[in-house]
Amino acid sequence: MKKFIIPVLLLCIGFGSYWAIAEQQEPEVISYIKEQGVTIIDSFDAPAGLTGYAANIQGQPMSIYLTEDKQYALIGNLINAQGDDLGEEALYELVSAPQNEKVWQTLEQAKWIQDGPQNAKQIIYTFTDPYCPYCQRLRETAEPYIASGEVQFRHIMVGILQENSIEKSASILAAESPEQALQQHIQHSGDSAKNTDEQTSAEGKRRVEENNLLM
């Protein structure tokens with residue numbers, strides 16, 4: 001009996017695997033969407049027989065809904081009578097949250113200058129060009145919160161607004177004390193950075209160019 005049972009079981013398993021693979025085959029309309037440069041992250045439950053897909057294109061999250069017959073796809077928000085976006089939570093959990101975590105990790109690893117107390121309740125990353133009036137205004141507005149210990153700024157120095165923006169940011173980063181050099185620049189008092197040797201200046205410029213790319 002065993003000689004017959006084993007092949008029959010294997011045959012059943014084989015057919016079962018075939019049908020499982022067939023059922024899991026990607027719908028053609030989803031394949032087409034992926035060919036357009038859309039990255040499908042995962043699927044999620046949706047009402048009315050629809051299957052939701054969390055996706056992104058060029059870093060931007062988007063919702064896709066596949067019809068029950070798997071022949072058509074709808075791209076956009078799915079709302080109910082109360083105006084609730086039924087895919088918002090899934091889109092955040094599957095796309096935005098992981099992307100945000102990567103962004104925070106990248107910012108933490110960047111070359112930034114601390115401005116404010118170490119144990120501040122809130123940390124704000126800011127891309128700062130030394131000649132940016134809006135950067136200066138933001139810093140002035142935040143001064144009471146920084147002084148009270150509530151906020152810490154982390155300045156990621158960039159150079160984009162003027163011809164010598166890169167050199168100015170590089171000189172601040174390459175200073176013996178970048179924190180002090182930045183504060184002198186913010187307060188417009190004295191030289192924001194003393195002359196540094198050529199190698200140190202080149203290193204500061206390299207870091208600023210890396211920050212430009214990060215921004």
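Give me the accessible area of residue 40, 1.4 Å probe, in Å² rounded to the nearest 10.
40 Å²
Just how large is the dipole of segment 95-166 about the Cα centre, in debye to the nearest 20, putting +1 at every Lys and Arg Cβ and -1 at every Asp and Glu Cβ?
Working: 6 positive and 8 negative charges, 26 e Å.
With Lys and Arg at +1 and Asp and Glu at -1, about 120 debye.
Residues in segment 89-115, backbone N under 18 Å from the label point at residue 60 (7 Å along the Cα-to-beta-carbon vector): list them, ranges by number please.
Correct set: 91-92, 95-97, 99-100.
Loop-only check: which GluC sites (Glu not before Pro) in segment 52-118 are DSSP coil with at most 16 other Cβ within 10 angstrom?
68
Can you give the FRET efficiency for residue 92 and residue 210, using 1/(1 + (r/R0)^6), R0 = 41 Å, r = Cβ-Cβ distance, to the nearest 0.05? Write out the running numbers ahead of the final one.
Numbers: r = 30 Å, r/R0 = 0.72.
Given R0 = 41 Å and the Cβ-Cβ separation, E is 0.85.
Where in segment 37-57 does the amide nitrogen come within less than 20 Å of the point 7 Å from the Cα of residue 80, taken along Cα to Cβ?
From segment 37-57, the list is 44-54.
Projecting each Cα onto the charge dipole of segment 69-215 (Lys/Arg +1, Asp/Glu -1 at the beta carbon, about the Cα centre), which of 165, 142, 213 comes out farthest on the positive side?
It is 165.
Subtract the Cα-Cα distance of residue 162 and residue 26 from 0.36 nm times their separation in residues, and report this length gain in nm to one decimal. Kindly include the intermediate steps, with their values, before the conclusion.
Values: separation 136, 0.36 × 136 = 48.96 nm, distance 5.11 nm.
Separation in residues times 0.36 nm, less the Cα-Cα distance, equals 43.8 nm.
The values are calculated or read from the model by the stated rules, or taken from the named source; none is laboratory data. Here the structure is a predicted model, which is why all the values come from computation and not from measurement. We place every Cβ from the backbone using ideal geometry, glycine too, and count neighbours over all the protein chains shown. Areas reflect the complete protein model, heavy atoms only, side chains present, ligands, DNA and RNA absent. Shrake-Rupley method; radii C 1.70, N 1.55, O 1.52, S 1.80 Å.
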